[in-house]
Amino acid sequence: MRTALYVLTCVVMLVSGQILIKIGLNLKGGFQFSVVSFWSELGKILTSGYIWLGAFVTISSGFLWMDVLSKKELSFVYPFI
């Protein structure tokens, strides 16, 4: 049961992080990847608290997922996703 709770937490954190990043990008007017505007676009996204929070939550989810994988087999936990 504890493993299922950890996996559910990972999924919720991952989805939440991606939603926060999406909100941050929408508030900043999107992201255009090009050589010409790279630095200005990078500066634009690095000033968004939503993007920073989303990145933190997503990375934290990854660490929790590694903890789950270190305790259980991938074939057991992956179907929970």
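The values are calculated or read from the model by the stated rules, or taken from the named source; none is laboratory data. Just so it is clear, the model here is predicted, and its values are computed rather than measured. Here Cβ is always computed from backbone atoms with ideal geometry, including for glycine, and neighbour counts include all displayed protein chains. We work out accessible area using only protein heavy atoms, side chains counted, and drop any ligands, DNA or RNA first. Shrake-Rupley method; radii C 1.70, N 1.55, O 1.52, S 1.80 Å.
Solvent-accessible area per residue in the chain equals 73 Å², computed with a 1.4 angstrom probe and all protein chains kept. Helix-only arithmetic for the chain: the sum of -39500 (n - 2.57) across DSSP H runs with n ≥ 4, divided by the residue total, places the mean residue ellipticity at 222 nm at -25000 deg cm²/dmol.
For residue 38 and residue 66, FRET efficiency with R0 = 30 Å and r from the beta-carbon atoms, rounded to 0.05? Kindly include the intermediate steps, with their values, before the conclusion.
Numbers: r = 31 Å, r/R0 = 1.04.
For residue 66 and residue 38, the calculated efficiency is 0.45.
Structure remark: mean-square fluctuation, Gaussian network model of the chain, C-alpha springs under 10 Å; the largest value among 35, 12, 57 belongs to 35. Backbone phi angles across segment 67-81, fed through the Karplus curve with coefficients 6.51, -1.76 and 1.60 (θ = phi - 60°), yield HN-Hα couplings of 5, 4, 5, 6, 9, 10, 6, 4, 5, 8, 8, 4, x, 5, 6 Hz in residue order; Gly and Pro are listed as x. Per-residue Karplus couplings for segment 29-43, computed as 6.51 cos²θ - 1.76 cosθ + 1.60 with θ equal to phi - 60°, are listed in order as x, x, 9, 10, 8, 8, 5, 5, 9, 4, 5, 5, 5, 4, x Hz, Gly and Pro entered as x. Computed 3J(HN,Hα) for segment 51-59, one whole-Hz value per residue from the Karplus formula 6.51 cos²θ - 1.76 cosθ + 1.60 where θ = phi - 60°, is 5, 4, 5, x, 5, 4, 5, 5, 5, glycine and proline marked x. A simple spin-label model places the labels of residue 18 and residue 31 1.4 nm from each other, with each point 7 Å out along Cα-to-Cβ. Between segment 34-81 and segment 8-32, the alpha-carbon centres lie 9 Å apart.
Of the residues 61, 34, 70, the one that moves most in a GNM of the chain with alpha-carbon contacts below 10 Å is 34.
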